[in-house]
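Student: Before we start, here is the structure in question, set down as structure tokens.
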Amino acid sequence: MTTAAAKRNLPLPSDAIDTDAWSRAHDDLVWFLRDLIRIPSINPPDPPGAELDAARYIAATLEDAGLEPEVLEPTPGRGSVVARLRGDGTAGEPLLLLSHLDVVPAPGDGWTHDPFAADVADGYIWGRGAVDMKDMVALEVGVLRLLAARARSAGRNPATDPIPGLGRDVLFASTADEEAGGLHGAGWLVNHRPETLRAAGALNECGGVATDILGRRLYPIGVAEKGYSVYRITIHGTWGHGSMPRDDNAAVRAATAIGRLAAPGTPRLTAPMHRFLAALAAELPDDTARLVLAIGDPDPSRSDAAIRRLCDPMYGRAARALLRDSISPDMVQAGIKYNVIPGEATVVIDCRTLPGTTEAAMRADVERRLGDLADVATIELIITADPVEASTETELYRLLETTVVAHDPGAGPVPVMMAFATDAKHTVKLGIPTYGFSPLRLEPEERFLERFHGVDERVGLDALRWGLPVLYDVVATYCASRDG
């Protein structure tokens, strides 16, 4: 029986699995996650191959559970893996469990543990990908294993026969290349193998994680995410000798451009952010609620004053990012020698756009910020994707809320927009409402947002222990057979 079962009388699918089985499932999940972290599936790959290794390892694990996964390699070394568990068809279209198996680079400086050793220490699994997002891969694979075991215990073949009690198919896709736009992963599947993804709804990364906000334990569920446009700006100047400084030094011009581009833009309250602030305010005392609502004030000074009053620096950065189109200059290159004035400098900027902002509008803002420097700059679009949003009025979203509360009765689920991008950018092309829901219950002091792409990335063992039955209950309930 799960912890949730002891706190309420309503039965959940997880209640039918005994304590020993849950303990074994958790141990298997931890073993699998550690093995997966040890595969350095870094994106960009140099050389390619580790993403394929990760896909093959996931596939082998699913094969051991009796399934028949398929590894796809559209580009040499860039592997994704897909699988399907069958229902009896009485509940409707499938549910997609989506994840990605690539990770960003992890320079070793500053890490307490080797980023690819997957050490277990102090109640955590440490390593690159522990929260972004091999933990979700492990949770999803754990659910598939439990469902496959249900079929085997009934004398059925989980690879071909309907899983007892399932009325929908469950699709699984763990893809390459999400960290660089997904064109070699989920984007390729959408264009070439859409049947591996097409579903009534999808569960993805970045949501369902306990967050302590103003003394309340909340579970933000991802219902929207900002878009992005990445530009390479080449700024031209005049080559010369370093002993005779000149105003048209390309490096100096680039420094000026960076200052202009990095300045915060004008805040704009979008519908997803309005819903989040309203839901958050509803969970708090009146005086605090009024301050929360002031975060969405059209007056930038009032909005920022409320953020400073309510938020620590981590949450303050997130709030400001969700209220405006943002520009982050992240790569700068200039010069060939210490005594040569550079005639060219390159700045790569990461622009994140709110719903309603097009790529053309973002580019125009970049040009406006550059001002006179736009005349000596070339702006090249590297990659772009629009913002996405899923409805909060679906059966699946409501189930996410009720399941969280069933497992943590003191919690408050709230819909949230994410500042970053996921493979939902691709599933939206198939009309699949995609929700950020990788359930973890964290301690209030855990700095979860700072783990993404950061040093000492780690995930708690107890957080995973809580999350596996939560995800299982969502899948088993949403996909439950309607026969009879």
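Student: Could you point to the residue in 463, 291, 202 farthest towards the positive end of the chain's charge dipole, with +1 and -1 charges on the Cβ of Lys/Arg and Asp/Glu respectively?
Tutor: Of 463, 291, 202, it is 291.
Student: A further question on this structure: What do you reckon, how do 26, 236 stack up by accessible area (1.4 Å probe), largest on top?
Tutor: On the way: 26 10, 236 70 Å².
So the residues, ranked largest to smallest area, are 236, 26.
Student: For the pair residue 452 and residue 27, how long in nm is the line joining their label points, each one 7 Å along Cα→Cβ?
Tutor: 3.5 nm
Student: I've got another one for you. Under a crude label model (7 Å from the Cα following the beta-carbon direction), how far is residue 358 from residue 247 in nanometres?
Tutor: 3.7 nm
Student: Oh, and also: Report, for the chain, the % of DSSP beta bridges that are antiparallel, rounded to 5.
Tutor: Among the beta bridges of the chain, antiparallel pairing accounts for roughly 70 percent.
Student: Multiplying the sequence separation of residue 236 and residue 291 by 0.36 nm and subtracting their Cα-Cα distance, what value in nm do you get?
Tutor: Full extension of this stretch gives 15.1 nm more.
Student: Also: Sorted from largest down, give the three principal axis spans of the alpha carbons of the stretch 26-140, whole angstrom values.
Tutor: 53, 36, 23 Å, listed from the longest principal axis down.
Student: Can you grab the distance from the C-alpha centre of the stretch 284-348 to the C-alpha centre of the stretch 218-270, Å, no decimals?
Tutor: Result: 13 Å between the Cα centres.
Student: Given the C-alpha atoms of the chain, compute the convex hull and give its volume per residue in Å³.
Tutor: Taking the convex hull of the Cα positions in the chain, it is 155 Å³ per residue.
Student: Toward the positive end of the charge dipole of the chain, about the Cα centre and with charges on Cβ (Lys, Arg +1; Asp, Glu -1), which of 381, 181, 322 goes farthest?
Tutor: Checking the options against the dipole of the chain, the answer is 322.
Student: Quick one: how many Å² of residue 453 are accessible to a 1.4 Å probe, rounded to 10?
Tutor: 100 Å²
Student: How many lysine pairs are close in the chain, with Cα atoms under 27 Å apart and the two 8 or more places apart or on different chains? Could the numbers behind the result be given before it?
Tutor: Details: 134/226; 134/425; 134/429; 226/425; 226/429.
So the count of such lysine pairs works out to 5.
Student: Treating only the Cβ atoms of Lys and Arg (+1) and Asp and Glu (-1) as charged, compute the dipole magnitude of the chain about its Cα centre; round to the nearest 20 debye. Write down the numbers at each step before the final one.
Tutor: Numbers: 48 positive and 68 negative charges, 144 e Å.
It works out to roughly 700 debye.
Student: What helices in the chain pass both tests, a Cα length along the helix axis of 30 Å or more and a mean Kyte hydropathy of -1.0 or higher, using whole DSSP H runs?
Tutor: None clear 30 Å together with a mean of -1.0.
Student: OK, next. I'd like the accessible area for residue 46: 1.4 Å probe, protein heavy atoms, all chains in place, Å² to the nearest 10.
Tutor: Rounded to the nearest 10, that gives 140 Å².
Student: Step through the residues of the stretch 437-447 one at a time and calculate ³J(HN,Hα) from phi using the Karplus curve (6.51 cos²θ - 1.76 cosθ + 1.60, θ = phi - 60°), rounding each to whole Hz and writing x for Gly and Pro.
Tutor: Listing the rounded values in order: 8, 10, x, 9, 9, 10, 6, x, 7, 5, 9 Hz.
Student: Mind running the shape call on the stretch 181-338? Use the C-alpha gyration tensor, a ≥ b ≥ c as the square roots of the eigenvalues: rounded below 1.5 for a/c, prolate if a/b tops b/c, oblate otherwise. Can you show the working numbers first?
Tutor: Numbers: a/c = 3.16, a/b = 1.41, b/c = 2.24.
It comes out oblate by the Cα gyration axes.
Student: Based on the Cβ-Cβ distance from residue 70 to residue 333, what FRET efficiency comes out when R0 is 56 Å, to the nearest 0.05?
Tutor: My answer for the efficiency is 0.85.
Student: Quick one: grab the alpha carbon gyration tensor of the stretch 119-184, order the square roots of its eigenvalues as a ≥ b ≥ c, and give me rounded if a/c is under 1.5, else prolate or oblate depending on whether a/b is larger than b/c. The partial results should precede the final answer.
Tutor: Details: a/c = 3.84, a/b = 1.59, b/c = 2.42.
Oblate, since a/c reaches 1.5 and b/c is not below a/b.
The values are calculated or read from the model by the stated rules, or taken from the named source; none is laboratory data. Source: prediction; values computed, not measured. Virtual Cβ from ideal backbone geometry, glycine too; neighbours counted across all protein chains shown. For the accessible areas, the whole protein counts, side chains as well, though only heavy atoms, and no ligand, DNA or RNA atoms are used. Shrake-Rupley method; radii C 1.70, N 1.55, O 1.52, S 1.80 Å.
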